[in-house]
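Participant: Structure provided below as structure tokens; questions to follow.
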Amino acid sequence: MVDLTIMPQPHAESARLIWRKLWPMAGRGLAGLLPARPGRDKGGAPALRIMATMDFANSPRSLALQASLRQFMADLVLPSMAEWHRWSDAGVYPLDLIEPLKAQARALGLWNLFLPSLRDDQPGTRLSNLDYAPLAEIMGQVPWAAEIFNCNAPDSGTMELLQIAATPAQAERWLAPLLRGEIRSCFAMSEPDTASSDPTQLSTAIVQDGSDWVVSGRKWFITGAAHPLCRFAVVMGRNGGAGDEENLPEHARHSMLIVPMDSAGLTVERNIPVMDHQSLEGHCELVFRDVRVPADHLLGEPGAGFALAQARLGPGRVHHAMRSIGQCELALALMCERALERRAFGSRLADFANVGDWVAESRLEIDQARLLVLQAAWRLDTQGAAAARTDVAAIKLVSSRLQTRVLDRAMQVFGAMSLSPDTPLARLWAWGRALRFLDGPDEVHLRTVARAEFKRARSQRGANAAHLRRWMPAPV
């Protein structure tokens, strides 16, 4: 780590001092420059502190796992694609295909790779967010592959949540079988009758009645609820019944509750098609009609729903973003192959300048997005979820927009074929478009980034006055 602390000096002297400190590093390069908390000189003026600590290099362990995962995908997953599509076209979830692959993945240590808090007595391979990120990219090229490694959403987020908040009894009943891949879960948050981008408006009621909690409300686009192994939902709802909820802060009025899927009064109304495609695991509408569960099914404390949701979001967005990048890499590879073989107007498509521009722009944008995601993963690992809040908002925004852009270019090169199920392009484009408001719309993430920038600007107000000629001191 390089730590440069430079106290305020007259402009020329300060510039010379900075250059003298930076020059010895020029030959080795700077791994990354990022601000830390400013120091103070004796007069109270802020000091400039530059720290070079960022390192996105893959660890030897991650590189070895990447090689194993690529081999597994090539030898076992890709040859299973035809069988997957056969079952998918019939509308049947192919457990007979998935379960043997899961057993093989677990035996090879390619299991629960996403969970940095994995304990020694829990099954799987513990990795940091940064080490896991490239593995999520590899899995992402086949949308259904993550389940084989027990790294699929929403279960990965549920496992992270239970690892943080579950009681020992809850962990034994729900977390342990999830970690073993024996059951699946869903996360019930968004609602049809409220703008769920502002979750303070969620209206599903969670009311305590004696020794039970009673849940009433409607949720929709709940991923995983149609999976044949889905056994419980984590439901986020509004506290009710005590009479003093309106006096609480907005973000202390909601709680999370474990609701078994076979509870009386809980019905799966429908599996909602997304962009006219119906997912086998489901994006479902759930109705809770006075569903009663025991008091010990509450996660954390009453009113802790938002705090738990924030703890769950950061790593999950790294996973989503890297899977999106994997799908963009696949689209770029398909686009290049098509451009090299397809001819029009006497030339290969690859010979046309605009097609070359699409390929180059896609490569640059994918690599830029990947670096941003790796930065977010690094910050989660080294500074925690609170410090990485802006980073994880940024990667959610950038990766979903990236996916629609790259897939649109690939579709243009493929022409009408891209609209058919003969390629994965249409489905991947549709999923990228859906991601622009699933898990929060673009506008919410833009606002998060903007607020962080304004906060930084307020703390440094006047620091850039020297760049404005009107306020420059007259030469002596």
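The values are calculated or read from the model by the stated rules, or taken from the named source; none is laboratory data. The structure presented is a predicted model; accordingly, all values stated were derived computationally and were not measured. When we count neighbours, we look across all protein chains shown, and the Cβ atoms used for this are built from the backbone with ideal geometry, even at glycine.
Participant: Quick check on this structure: which one of Leu438, Leu425, Leu407 is in contact (Cβ under 8 Å) with a residue 60 or more places away in the chain, more than 29 Å from Ser347 (Cα to Cα) and of a type outside the set (Phe, Trp, Tyr)?
Facilitator: Numbers: Leu425 fails: more than 29 Å from Ser347 (Cα to Cα); Leu407 fails: more than 29 Å from Ser347 (Cα to Cα).
Going through Leu438, Leu425, Leu407 in turn, just one is in contact (Cβ under 8 Å) with a residue 60 or more places away in the chain, more than 29 Å from Ser347 (Cα to Cα) and of a type outside the set (Phe, Trp, Tyr): Leu438.
Participant: Ala225 - would you say it is out of contact with any Cys (no Cβ under 6 Å at 6 or more places or on another chain) and either under 28 Å from Trp87 (Cα atoms) or of a type in the set (A, V, I, L, M) (or both)?
Facilitator: no
Participant: Would segment 52-59 turn up any residue that is touching a helix residue (DSSP H, G or I) at 6+ places or on another chain (Cβ under 8 Å), part of a loop (DSSP other than H, G, I, E, B) and of a type in the set (D, E, K, R)?
Facilitator: Yes, some residue in segment 52-59 is touching a helix residue (DSSP H, G or I) at 6+ places or on another chain (Cβ under 8 Å), part of a loop (DSSP other than H, G, I, E, B) and of a type in the set (D, E, K, R).
Participant: For segment 384-476, give me every one of the helices (runs of 4 or more DSSP H) that falls completely inside it and has 2 or more residues that are of a type in the set (Asp, Glu) and closer than 24 Å to Ile222 by Cα. Walk me through it before giving the result.
Facilitator: Numbers: elements: 389-414, 425-435, 442-459.
Because the criterion is at least 2 residues that are of a type in the set (Asp, Glu) and closer than 24 Å to Ile222 by Cα, the helices (runs of 4 or more DSSP H) in segment 384-476 that meet it are 442-459.
Participant: Now a separate question. How many of the residues making up segment 287-328 are within 24 Å of the chain's Cα centre (by Cα) and not aromatic (Phe, Trp, Tyr)?
Facilitator: The total comes to 26.
Listed here are the residues, each with its yes/no results for (1) over 29 Å from Leu334 (Cα atoms); (2) at pLDDT below 95; (3) under 15 Å from the mean Cα position of the chain (by Cα); (4) aliphatic (A, V, I, L, M).
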| site | (1), (2), (3), (4) |
| --- | --- |
| Pro100 | yes, no, no, no |
| Ala103 | yes, no, no, yes |
| Leu118 | yes, no, no, yes |
| Pro123 | yes, no, no, no |
| Leu127 | yes, no, no, yes |
| Ala136 | no, no, yes, yes |
| Gly140 | no, no, yes, no |
| Cys151 | no, no, yes, no |
| Gln170 | yes, no, no, no |
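Participant: Consider Asp276 carefully, then state whether it is under 18 Å from Asp212 (Cβ atoms) and out of contact with any strand residue (DSSP E or B) (no Cβ under 8 Å at 6 or more places or on another chain). Working first, answer last.
Facilitator: On the way: under 18 Å from Asp212 (Cβ atoms): no; out of contact with any strand residue (DSSP E or B) (no Cβ under 8 Å at 6 or more places or on another chain): yes.
The answer is no for Asp276.
Participant: Output the qualifying pairs, or none if there are none: Cβ atoms under 6 angstrom, residues six or more apart or on different chains, first residue in segment 261-289 and among the basic types (Lys, Arg), second residue surrounded by 14 or more Cβ atoms within 10 Å (Cβ to Cβ) and assigned to a loop (DSSP other than H, G, I, E, B).
Facilitator: Listed by first residue and then by second, the contacts come to Arg289/Gly265.
Participant: Hey, another quick one. Checking Val92 against (1) surrounded by 12 or more Cβ atoms within 10 Å (Cβ to Cβ); (2) under 24 Å from Arg70 (Cα atoms); (3) over 25 Å from the mean Cα position of the chain (by Cα); (4) of a type in the set (A, V, I, L, M), which single condition isn't satisfied?
Facilitator: All conditions are met except number (2).
Participant: Filter segment 256-275 down to the residues that are modelled with pLDDT of 95 or more and not in a loop (DSSP other than H, G, I, E, B) and list them by number.
Facilitator: Met256, Leu257, Ile258, Val259, Pro260, Leu266, Thr267, Val268, Glu269, Arg270, Asn271
Participant: Name the residues in segment 151-180 that are small (Gly, Ala, Ser) and either in contact (Cβ under 8 Å) with a residue 60 or more places away in the chain or more than 17 Å from His297 (Cα to Cα) (or both), would you? Reasoning before the result, please.
Facilitator: Kept after step one, since they are small (Gly, Ala, Ser), are these residues of segment 151-180: 153, 156-157, 165-166, 169, 171, 176.
Ala153, Ser156, Gly157, Ala165, Ala166, Ala169, listed by residue number.
Participant: List the residue pairs whose Cβ atoms are under 8 Å apart, where the first residue sits in segment 348-371 and is modelled with pLDDT of 95 or more, the second is loosely packed, with under 14 Cβ neighbours inside 10 Å and of a type in the set (D, E, K, R), and the two are 6 or more positions apart or on different chains.
Facilitator: Listed pairs, sorted by first residue: Arg348/Glu341; Leu349/Arg343.
Participant: Restricting the search to segment 283-301, which residues are at pLDDT below 95 and either buried (at least 20 other Cβ atoms within 10 Å of the Cβ) or on the phi > 0 side of the Ramachandran plot (or both)?
Facilitator: Gly300
Participant: Let me ask something else about it. Go through segment 113-150 and count every residue that is under 28 Å from Arg86 (Cα atoms), part of a loop (DSSP other than H, G, I, E, B) and in contact (Cβ under 8 Å) with a residue 60 or more places away in the chain.
Facilitator: Initially, segment 113-150 is screened for residues under 28 Å from Arg86 (Cα atoms), giving 135-150.
Next, from what is left, pick out any that are part of a loop (DSSP other than H, G, I, E, B): 141-144, 150.
So of that shortlist, the ones also in contact (Cβ under 8 Å) with a residue 60 or more places away in the chain come out as 141-144.
Within segment 113-150, residues that are under 28 Å from Arg86 (Cα atoms), part of a loop (DSSP other than H, G, I, E, B) and in contact (Cβ under 8 Å) with a residue 60 or more places away in the chain number 4.
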